[in-house]
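Every read-out reported here was derived from the displayed coordinates using simple, explicitly stated rules and does not represent laboratory data. All values reported here derive from a predicted model rather than from experimental measurement. All Cβ positions, glycine included, derive from the backbone under ideal geometry; neighbour counts span all protein chains shown.
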Amino acid sequence: MQTLQTLNVNGRQYTVAIDDSDTLVDVLRDKLRLTGAKKGCGQGDCGACTVLIDDKAVNSCLVLASTVNGKAITTIEGLDTNGELTALQKSFVNEGGMQCGFCTPGMVMSATALLRQNPEPADEEIKEALVGNLCRCTGYTGIMRAVQNYGKYSGSESQTGESNQGGVGVSIPRVDAADKVTGRATYTADIYLPNMVHGKLLGSPIAHGLIKKLDVSRAKALPGVLAVLTGADVTDTKHGVSPARYDEDVLAKDKVRHVGDPIAAVAAIDEETAEQALALIEVEFEELPVLLDPMDAIADGAPLIHEKYKNNINTVVDQDFGDIEKALAESHYVREEVFTGNNVYQSPLEPHASIATWEHDGTLVLYTSTQVLPYVQYMMAHVLHIPLGQIRVIRPTVGGGFGAKAATSPLDICSALLSKVTGRPVKMVYSRDEMFKYGRGRHKQHMKLKVGLDEDGTIRAVDSEIYLDGGAYSSFGVATAYYAGAMMPTLYHIPNYRYRGFRVMTNKPACGAMRGHGVPQPRFAFECLLNMAADELGIDPVELRRRNAMTPNTMTVNDLDIGSCEFTATLDTVAEESSWDKKYGKLEKGKGIGIGCGGFVSGAGYCIYRGQVQLSHEKPREPFQKKSIFPHANSVVKVSEDGMAVVLMIGAAEIGQGSDTVLVQMCAEAMGIPASRVRIRSEDSDISPLDLGSYSSRVTFMAGHAVARAGTEVVGKMKPYAAKILECDEADIEVKDAKMFIKGDPSRNVPWEEAARQYFNANGPLVGTGWYKPPEGLGGDYKGATVGTSPAYSFGSSVCEVSVDLETGKVDIEKFTDYHDCGTPINPQAANGQVEGAIVMGAGETIMEGVEFDEQGQLLNPSLKGYLTMTIKDAPEIFSGFVDSYEPRGPFGAKEIGEGSTLPVLGAVAHAIANATGVWVKDLPITPEKILKAMQEKEEAGPAPETPKTDEKQAALT
Amino acid sequence: MHISALELHAATSYEDAAELLSRFSPDVRLLAGGTDVLVDLKNNGNGVSHLVTLERIDAMHGITEEADGLRIGALTTITELDESPLISGGYEIIRDAASQMATRQIRNTATIGGNIAGANPCADLPPVLIVLGAIAVVFSKQGPRELPLQDLITGPRETILAQDELLASIVVRRPPARFGAAYARFGLRKGNSIAVATAAASLILDNDGAVHDVHIALGAVAPKPVEVDAAKLWLEGRKLNGDSFDEVARAAMEAAQPISDLRGSAEYRRELVGVLTRRALQAAEQRAQG
């Protein structure tokens, strides 16, 4: 029933028509357009929609709007006073309290409720107040800091942290921080275009089957439904990520391959009507056997999920470097172990969303929460059969990706198709459940690893055999299968190395690229293996690593070109800062300490699509050449006519990691002006030139080069005008602090803006361009040699400290100490934020995360209640630091940090747990139940149980 | 998913609520805090056409101290339980549970009535209230009646309540001297976790250190909260020590009828029951000692 009601929101009375079934969050967003309250799950699990009702924090998704009239509702939009942020908001801005920002409004509201009740909360009280607000980016470290220190920012004399003057190496606040902390930041789902309608996808209810009947007539007849599309209505062109393996239909043609596989797309006047229409679509299937285990799927006679993949294997890697058999035979110590990973899901707080609209000239405008704007353009051109240039992609603020948004989604394609047939803008947003069913999370890897060592611990050989559970489509999986092997020899000197990888199709949502792409699980396995070997050889695990650590300027056995490398420094520092020598082997049972290491590429050396930027899908792919045909990062810098502002244009994808901020800093540094004078426009393909986006940890390095070069070009154009004013030689002009001056005599200077104006008066627009291509000739000449290539590599070491409840197996991850070699950190606070977030994500991945399936392939936990990520109470205390390092190939000496910071974490946690309990659990996640079981098995098998509670437990077991 | 169209009815008295329930039954549900019901309506395509809200029934709100104990209105929120000064002494076990349930946001809206009448096997409050000997006061068109709380819940999401009946309040008698009660729970993360297994225990300690009138109730390990009667009888008049803990843990593990699911296997849950029962008893004894 609909009634007119008056809601008191932020002190203003709104009279609004409300249906009895409307939730408060929907009324706030859809009717009042107060979009600060975010919809992250709709189930009360994430807290992103938190608002205050009579000063109490509540989930506005679990409140019916018509039950709150007469109460005072406060949203994030109601906190500031005439634009003046609250002390807490300022603290979030300055203390690094956010990254993607999607959880931020809810987090700030929960913290505001706490502080109104308790202005000086203890740490435990802060955590209890924020336990219902999930964050996937920050590791909660910056959030804790922000709430603890908010008092610093109260009053008019409040500190504003480090000034915005900073160039490279300074922790300026994020350029988007104020927008994110006030609810002004606009994510795709926050956009409401005139005349817009809503789309939804019908996902397959079964995991494997042939569509025998599909009747959409009842759905079409539902009032408010504008269009229904099925496989019969859409192109036969398949899409995907790896050009050799396009295997996804826009909508299922004849077959469904996993639960959630899209079958039909509906557009309706609102989302609710679209949902109702889905329920009216009738589908009948001939069910096929469901394959969930890659070992079953590769068996002869198993049904084929795709006809073209024999034995359901879609990628085979076979790489052999050196003489593995001989080296193993000659090794003093050989150990082989089997490890199993888990199917973890990125779970960014912002659900995927797309809005498509066609302009009258035939241009498609697509707003999408993507991390790879040009790949979306490319794939949309391919599947829609229109030139790439006819597609304008706009990337509004993105609420986290971690790889989940690295491919063109069915929402991108179907919103465009529905918009075409309805002639209206179409918005499509995944529910949390649909996100899990779309998938693209981490492959579950079944790994057999063998290592051969000399007596002194020198690694002689590594042999790795891995089966990757790929799910139903290729997605990024071909690259994943290669990455799972390629990065192994980059951390330690490994003279003989063999890798055999098999990516197998199963009837699960497709796996894709997740933070650390293919590498974290093999790295976890190898770090565990190394720690087992260290104990057996009687060598300290840190020392064993030192003896094998990668050194600068090394060509690895698989032809990867390592430049700068301060891995040993990270080991030494982390051992010292964590008091490793005083703790390892000396803690009481139940307490443990462990080490893990890792590193990653600073951007992939080669682009996913080869040759030039394709005109359309009809143009054949060009043969591979061992160089980049086109620049991977491109930037234009435009100076305003008065010289006071710079617009930095580059299509790099800010997805929360801080790329906009570090690019502004590098551009400002190159131009000798404060960062506060630079505005970045990275969100629109019509404005910003191509940058391949946020994957393979490439942005700081590659886009950084492009923006620095563009800035430098501008300065070069200005110099003659400064020289003329200062009556000196152009070559003697230097630039710093917004002044152009004569080298060695800064007092003889001209304001930067004056030189810029002079240039404009004489030449018109003052612009500079810059671009970056990875070096030519990267990688070897074997099959798959391109994967793992990069202009630079990062390194890091983590020490984890845990306590384990020996009666229940429950793990408390107490502390992390991490040192990284990321070259020069451009913004140390942002770089630490990457490490802090990676530690909490990685630790959660190690002990609690994983998508689970029943025997029919139904997801058992497609929600943030069922799929556990760490809360603020679970997050450890984290100390993150950097060792001195400079990468000559990087911009200002910088390398990556975003993904490399994940890699040491899993092994460190597993080692600490083994150290605390005396047992190794080799399949992820390492749950309390598995730990307890392993301890009991050891007790039953072994002679000398040490557990103090042995008697009681034995009694309890009998 | 959105909640499908429905009509809200604001009951103003118990009689009114009973009448509305009776009128629309079975196409109706009660709405208290909504944190459970609304999730259910969103996820279940076949919702109900009517919701009866209870907020305007004043008597259902808040905690009052009566001559022989506490009366807790069914609409009392979990936060109110957590913060009320009346929840002290022997009642502290209620805070053990309330303070760690779900999240702050959920606790601010979720109610004690919903936690009980929702009859979710892993609900935190029922085992706690059972060991306190709580009485449920329910109301129908025939008027009020009282029953022991453990008789209210009959199975997963099932109660003894008739179609037109609602849970109005909970009465918890004042604990005697030297009474102690405590709650132990196991979840898979430190915050916002669904209970994998729980144990609540209460006892009275005599001057010799022996325990009397022991109650143990388990949650999340059976279709409804389980009372460990064997332990109760066996422990009467004994002292808590290694042997008796073992005996009680064994009895509790036998009483549990756990299932295997995502959060843990039946075997693991059984083991947790043993550990949690001992921990709850120990903590209860400590409280009884004052």
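A few comments on the model shown:
- Both radii are taken from the alpha-carbon atoms of region B:4-45; with Rh as the Kirkwood radius, Rg/Rh is 0.98.
- Environment charge at residue A:681 (Cβ cut-off 14 Å; Lys +1, Arg +1, Asp -1, Glu -1): -3
- The slack in the chain from residue A:14 to residue A:687, taken as 0.36 nm per residue of separation less the alpha-carbon distance, amounts to 238.5 nm.
- Region A:310-407: C-alpha pair distances exceeding 21 Å, %: 60 percent
- Lys/Arg +1, Asp/Glu -1 at C-beta; the protein assembly as shown dipole; positive extreme among A:347, A:229, A:928: A:229
- Along each principal axis, Cα extent of chain A, largest first, Å: 80, 79, 65
- Region A:276-324 - Debye-derived log10 I(q)/I(0), Cα point model, q = 0.18, 0.23, 0.26 Å⁻¹: -0.74, -0.86, -0.96
- Here the sum of -39500 (n - 2.57) over DSSP H runs of 4 or more residues, divided by the residues of chain B, equals -9500 deg cm²/dmol at 222 nm, to the nearest 500.
- Shape call, region A:741-787: gyration tensor on alpha carbons, a/c limit 1.5: oblate
- For the peptides A:571-577, A:466-472, the ranking by packing is A:466-472, A:571-577, with the highest mean count of neighbouring Cβ atoms within 10 Å listed first.
- Using bins of 5 Å that start at zero, the share of Cα-Cα pairs per bin across region A:536-587 amounts to 4, 17, 23, 20, 15, 10, 7, 3, 0, in whole %.
- On the beta carbon distance between residue A:287 and residue A:311, with R0 = 25 Å, the FRET formula returns roughly 0.70.
- With Rh defined as the Kirkwood radius, the inverse of the mean 1/r over Cα pairs, the Rg/Rh of region B:1-151 is 0.96.
- Here, P(r) means the percent of Cα pairs in each 5 Å bin from 0 to the largest distance; for region A:482-550 it is 3, 13, 21, 23, 17, 10, 7, 5, 2.
- Relative intensity, log₁₀ I(q)/I(0), of chain B from a Debye sum that treats every alpha carbon as a point, q = 0.10, 0.13, 0.14 Å⁻¹: -0.52, -0.87, -0.99
- FRET efficiency, 1/(1 + (r/R0)^6) with R0 51 Å, evaluated for residue A:125 and residue A:299 via beta carbons: 0.35
- Placing a label point 7 Å from the Cα of residue B:5 along the Cα-to-Cβ line, the residues of region A:1-20 whose backbone N sits under 17 Å from it are A:1-4, A:17-20.
- Rg over Rh [alpha-carbon atoms, Kirkwood Rh] for region A:110-224: 1.19
- Long pairs among A:220/A:420; A:326/A:448; A:938/B:224, criterion Cα-Cα beyond 23 Å: A:938/B:224
- Peptides A:344-355, B:142-153, B:77-88 ranked from most to least packed by the mean count of surrounding Cβ atoms within 10 Å: A:344-355, B:77-88, B:142-153.
- Here the average projected area of the convex hull drawn through the C-alpha atoms of region A:411-559 stands at 12.0 nm².
- Local electrostatic count at residue A:222 - Lys and Arg +1, Asp and Glu -1, tallied over other residues with Cβ under 14 Å: -3
- Per residue of peptide B:264-270, the mean number of Cβ atoms on other chains within 10 Å of the residue Cβ is 3.
- Taken about its Cα centre, the protein assembly as shown carries a charge dipole of roughly 2060 debye when the Cβ of each Lys and Arg holds +1 and the Cβ of each Asp and Glu holds -1.
- Helices that extend 27 Å or more along their long axis by alpha-carbon positions and average at least -1.0 on the Kyte-Doolittle scale are, among the DSSP H runs of chain B, B:266-289.
- With a 10 Å cut-off around each Cβ of B:180-192, the average count of Cβ atoms from other chains is 5.
- Take each peptide in A:910-916, B:173-179, count the other Cβ atoms within 10 Å of every residue, and average; sorted highest first, the result is A:910-916, B:173-179.
- Averaged over peptide B:105-115, the number of partner chain Cβ atoms lying within 10 Å of each residue's Cβ comes to 5.
- Radius of gyration, Dmax [region A:694-846; alpha carbons; angstrom]: 24.2, 81
- Placing unit charges on the Cβ atoms only, positive for Lys and Arg and negative for Asp and Glu, gives region A:841-907 a dipole magnitude near 220 debye about its Cα centre.
- A full extension of the chain between residue A:117 and residue A:855 corresponds to an added length of 260.8 nm, given 0.36 nm per residue minus the alpha carbon distance.
- Summed residue charge, Cβ within 9 Å of residue A:3's Cβ, Lys/Arg positive, Asp/Glu negative: -2
- Shape analysis of region A:78-148 places it in the oblate category; the axes a ≥ b ≥ c from the Cα gyration tensor give an a/c of at least 1.5, with a/b not above b/c.
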